[in-house]
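Undergrad: The structure is given below, and queries will be raised subsequently.
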Amino acid sequence: MNYTHYIDSALINGSHYGRGGFASPMKELNEQTVLVENSRENKNDSYRQKTKYDDRVDRYYSTYDLGALLQNSDSYLEGKLDTNEDKDCYFFSYSQRKFYEKMGLGTQVTIRPENIPQGCNYDLIVYDMQGNQVGIAKDNGNGVKELTLPDWNGSDRYTIKVENHGGGNVDSETPYRIRIAEERYQKQEKADGGQEYTEELERLHREQYDSLPEDERYAGEKSVEELLEKEASGELLDRQEEAYLKIFANLHDYERASAQGRIRNILFPKMEAALENAGIHVHGKEFVIEMDIYGKVIITGDLSDEEKQKAAGVLEEQFADELWDCHMQASNYTTAEFNRINAYRDVSVFLRKSTGGQYSWKDISVDGNGKISGLPQKMCHLLNLQESNGRYEQLRDDILMLYDYGHIYEMDEFSDYKVRYEVVESDVKIGSEREPATDKNTLSISVADQQFAVSVEQTPSALAMGSGKITSDLETFRNAVNSINEPLTINWNAVVDPYGIFKGLAMAESRLKQLADPTASKNDEDMQKVAEEYAQGKLDILIEKKKAMQDSGMAKSYSEEYAEYKTAYDAYHLENGGNLTAAMEGDAKKAYHIYKNIIDGVSVPIEDAEFLMLYNGTMYSAARSEYVRKTDGLYYAM
């Protein structure tokens, strides 16, 4: 079976200006980048949030990834902590590391918080893609805080978190800065082959604990899990307990516990006080708060109808965003689920506010080239514009991501989504989270001696091609796959749904044919219907061909596909790749040139796309994925 994780967006993490891959000329020249965190536009309280930051220097550039700061030593990010409880989370990709390792080079990446407001003490903490803490910025002896990413950690994606230290006050007016620098050196072989990840992580954490001041060193008997439960229950942690969790807790668990504690200690008391001020006494009563994606609140329980209506108005006016954000951060959603729900809400609220409720998600269409239509003309222009600001680019990325998702699943799970709070005896907790889509079978696979859950989608293309979606923690799964030093019995690709792309190409082909046909209707709805029927027919034929190849034994095994893809990958990326290309013949050579054209952004005829999907589906999926990564300025090793 070929296990595929569909990425959250047509864009993974970097800058992107339309499917054509427009790149800002200043960034090509490695000019200075000054990314700006804007609390009104950028929500980044959770590591699971995808947030795009504009560049103050270059108005054509915005990015999700702080890796852009590596391109110029004068580059930095500028952000602010808005409250004492505020936490800013940033995504940082360092995929270059694996490339340097192949060249025998080691790297030292230093992350430095600067310009901390006078009288404030901020922490900068780094977590790897598994959620383990791998660095806390400390004074380097010169009055400057910094940390160096460990060279034993195989992660190429990190979360950088900035937060208040020790309960002091923040300065919400003065921005802090983050700089990231890189040094390369000739790597020396270690005689013992290096230490295991777990051993090194434990050593780092122990060193961090031992270096804490005496008054911050936890000496209690509670485990990390027990301390997290204590925080989630609403009990306040002391400085020692907080410092202990900061070192040893996993980011996912820590974020959930912190959000649950914040609901009990901060959000609910504020809500209770606001309701009391409005003449509504809720202390000791049992009731349920539900809020939809637009912020409409419904209250049921031990309140009169008048009180319910009045209380709902107070919560809608004063607490809608906090109710949503706290619920999402306290949830156990995967990063992909978290972002899909938030994206649907952001797009829906944007459309309601900007069009007065005249347009909704159901009006949106996206063609095979990623062009958005169906909304007011000016809005479509801004969403499709290459030089849009980060806010419109993020809306566009969200629309493309959700549209791809909608090819497989129903969207009602988002339109009907509600956050839910249950209040019992003056204690509050989040209600049950929605169940994920059920139109799939679940099975378990083993990779590197670890078990992972996989859902197999009940769609014709998924069943025919044996594709599934990893529903376990994706970061742990990716790490397990990368630890295998032999040909994979499975292959894992972070790619856009290849069948969605193929269908989009077919629809574009149909529209061109209709435009050239003087007898065809030029009504947009008619053209769309014809294009969808044409594309579905092409897709059905493709699936039948693949089934026939599998039944006759002509289809390659997944290990054969992966081995051939690896040759194509090396031919494209390595300096001596020309030697590999020269040895290719026949269909293998044709497949490589299609693979190369896709990555390079060259227009590929639908016949070539069909050929490569049948010849080597792994190579086709990987090419699409590598194109996305290349246009985003990122490289992820498969």
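The values are calculated or read from the model by the stated rules, or taken from the named source; none is laboratory data. Model, not experiment: these values are computed from the prediction. Note that each Cβ is placed from the backbone with ideal geometry, even for glycine, and that neighbours are counted across all protein chains shown. We work out accessible area using only protein heavy atoms, side chains counted, and drop any ligands, DNA or RNA first. Shrake-Rupley method; radii C 1.70, N 1.55, O 1.52, S 1.80 Å.
Undergrad: Quick one: count up the residues across the stretch 227-238 that are in a helix (DSSP H, G or I) and surrounded by 16 or more Cβ atoms within 10 Å (Cβ to Cβ).
TA: 5
Undergrad: Then there is this: Lys566 fails exactly one of the following numbered conditions: (1) closer than 23 Å to Lys503 by Cβ; (2) among the basic types (Lys, Arg); (3) under 34 Å from the mean Cα position of the chain (by Cα). What is the number of that condition?
TA: With (1) closer than 23 Å to Lys503 by Cβ; (2) among the basic types (Lys, Arg); (3) under 34 Å from the mean Cα position of the chain (by Cα) applied to Lys566, the lone miss is (1).
Undergrad: Within the stretch 517-547, take every residue that is polar (S, T, N, Q) and assigned to a loop (DSSP other than H, G, I, E, B) and give me the one that is modelled with the lowest pLDDT.
TA: Asn523
Undergrad: Condition (residue is part of a helix (DSSP H, G or I) and touching a Leu at 6+ places or on another chain (Cβ under 9 Å)) applied to the stretch 179-192: is it met by at least one residue?
TA: No: the stretch 179-192 contains no residue that is part of a helix (DSSP H, G or I) and touching a Leu at 6+ places or on another chain (Cβ under 9 Å).
Undergrad: Now a separate question. Which of the residues that make up the stretch 108-158 are at positive phi and surrounded by fewer than 18 Cβ atoms within 10 Å (Cβ to Cβ)?
TA: Asn115, Gly119, Gly141, Gly143
Undergrad: Wholly within the stretch 286-395, which helices (runs of 4 or more DSSP H) include no fewer than the required count, namely at least 2 residues that are of a type in the set (Ser, Thr, Tyr) and surrounded by fewer than 20 Cβ atoms within 10 Å (Cβ to Cβ)?
TA: Filter on the stretch 286-395 gives 335-355.
Undergrad: Can you tell which of Ala274, Ala259 is in contact (Cβ under 8 Å) with a residue 40 or more places away in the chain, over 33 Å from the mean Cα position of the chain (by Cα) and farther than 22 Å from Gln108 by Cα?
TA: Matching residue, one of Ala274, Ala259: Ala274.
Undergrad: Applying the selection to the stretch 594-603, what residues are surrounded by fewer than 21 Cβ atoms within 10 Å (Cβ to Cβ), in contact (Cβ under 8 Å) with a residue 24 or more places away in the chain and closer than 22 Å to Leu512 by Cβ?
TA: Gly601
Undergrad: Would you mind stating whether Glu173 is assigned to a loop (DSSP other than H, G, I, E, B), open to solvent by 50 Å² or more (accessible area, probe 1.4 Å) and not aromatic (Phe, Trp, Tyr)?
TA: For Glu173, the condition - assigned to a loop (DSSP other than H, G, I, E, B), open to solvent by 50 Å² or more (accessible area, probe 1.4 Å) and not aromatic (Phe, Trp, Tyr) - is met.
Undergrad: Another question, if that's okay. Would you please name the residue that is modelled with the highest pLDDT, looking only at residues in the stretch 605-638 that are over 21 Å from Asp540 (Cβ atoms) and among the β-branched types (Val, Ile, Thr)?
TA: Thr618
Undergrad: Could I ask something else about it? Enumerate the pairs (first residue in the stretch 548-564 and at pLDDT below 75; second residue anywhere and open to solvent by 60 Å² or more (accessible area, probe 1.4 Å)) with beta-carbon separation below 6 Å, excluding pairs fewer than 6 apart on the same chain, so at least 6 apart or on different chains.
TA: Every condition considered, the pairs that remain are Ser559/Pro487.
Undergrad: Now a separate question. If I filter the stretch 338-361 for residues that are in contact with a helix residue (DSSP H, G or I) (Cβ under 7 Å, 6 or more places away or on another chain), of a type in the set (Gly, Ala, Ser) and closer than 30 Å to Arg264 by Cβ, do I get at least one hit?
TA: For the stretch 338-361, residues in contact with a helix residue (DSSP H, G or I) (Cβ under 7 Å, 6 or more places away or on another chain), of a type in the set (Gly, Ala, Ser) and closer than 30 Å to Arg264 by Cβ: present.
Undergrad: I'd like the full set of residues that are farther than 21 Å from Arg157 by Cβ, among the acidic types (Asp, Glu) and touching a residue at least 60 places away in the same chain (Cβ under 8 Å), limited to the stretch 51-85.
TA: Answer for the stretch 51-85, where residues must be farther than 21 Å from Arg157 by Cβ, among the acidic types (Asp, Glu) and touching a residue at least 60 places away in the same chain (Cβ under 8 Å): Asp54, Glu78, Asp82, Glu85.
Undergrad: What are the pairs, 6+ residues apart or on separate chains, where a residue within the stretch 578-593 that is open to solvent by 50 Å² or more (accessible area, probe 1.4 Å) has its Cβ under 7 Å from a residue that is of a type in the set (A, V, I, L, M) and part of a helix (DSSP H, G or I)?
TA: Sorted first by the residue in the stretch 578-593, then by its partner, the pairs are Leu580/Ala571.
Undergrad: Still on this structure, please answer the following. Identify all residues within the stretch 516-572 that are surrounded by 15 or more Cβ atoms within 10 Å (Cβ to Cβ), farther than 30 Å from Ile599 by Cβ and among the β-branched types (Val, Ile, Thr); write none if there are none.
TA: Val530
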